[in-house]
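Contents: one structure, followed by commentary.
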Amino acid sequence: MSDENTADNNIMIEDFMKLDLRVGKVLEVADHPNADKLLVLKVDIGGGECRQLIAGIRGHCSHEQLLGTQIIVLANLAPRKMRGLESQGMLLAATWTEGQDQARKVVPLTTSSPAPTGAEVS
């Protein structure tokens, strides 16, 4: 992502309003059978709906750290196959590099206070 704030990087509020960001609760976590860096999550996104999310956070978070956690989910992202399994949304995460080896760090975005599963993020 660029640090520059140019007109080319800006979006209109109408574009942002198209995003369906919700609080989801991680119900299950498993290693992806065909990828070393991916986890398969079963996430409750509210309204009785559960989704399978494939996330590139394996090695950055343990199963125990994620299980039961409230995460932020992009719920209206078009489904996509990732190494043979369908991802039905996206877990939002902060990413950066640090240290002399420029190691990539990944931290899932979570709620700082409990919120109802399925609550809108705005």
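General observations
- Residue satisfying all of: in the range 20-32; surrounded by 16 or more Cβ atoms within 10 Å (Cβ to Cβ) and aliphatic (A, V, I, L, M); farthest from the chain's Cα centre (by Cα) among these: VAL29
- Condition check for GLN52: free of Cβ contacts under 8 Å to residues at least 40 places away in the same chain and under 12 Å from LEU91 (Cβ atoms): yes
- Filter result (part of a strand (DSSP E or B) and more than 17 Å from GLU28 (Cα to Cα)) within the range 110-122: GLU120
- Selection count, the range 60-70, where residues are in a loop (DSSP other than H, G, I, E, B) and either at pLDDT below 95 or closer than 15 Å to LEU38 by Cβ (or both): 2
- Against the test of being among the β-branched types (Val, Ile, Thr), outside any helix (DSSP H, G or I), at pLDDT below 95 and surrounded by 11 or more Cβ atoms within 10 Å (Cβ to Cβ), the options VAL73, VAL107 yield a single qualifying residue, VAL107.
- Residue check, ILE57 surrounded by 14 or more Cβ atoms within 10 Å (Cβ to Cβ), at pLDDT below 95 and within 10 Å of the chain's Cα centre (by Cα): yes
- Filter pass, ALA35 being surrounded by 14 or more Cβ atoms within 10 Å (Cβ to Cβ), more than 12 Å from PRO108 (Cβ to Cβ) and among the small types (Gly, Ala, Ser): yes
- Filter result (touching a residue at least 12 places away in the same chain (Cβ under 8 Å), assigned to a strand (DSSP E or B) and exposed (fewer than 12 other Cβ atoms within 10 Å of the Cβ)) within the range 81-104: ALA94
- Some residue of the range 90-97 being at pLDDT 95 or above and in contact with an Asp or Glu (Cβ under 7 Å, 6 or more places away or on another chain): no
- ILE45 surrounded by 14 or more Cβ atoms within 10 Å (Cβ to Cβ), closer than 24 Å to PRO114 by Cα and without any contact (Cβ under 8 Å) to a residue 60 or more places away in the chain: no
The values are calculated or read from the model by the stated rules, or taken from the named source; none is laboratory data. Model, not experiment: these values are computed from the prediction. Ideal geometry is used to build each Cβ from the backbone, glycine not excepted, and the neighbour counts take in all protein chains shown.
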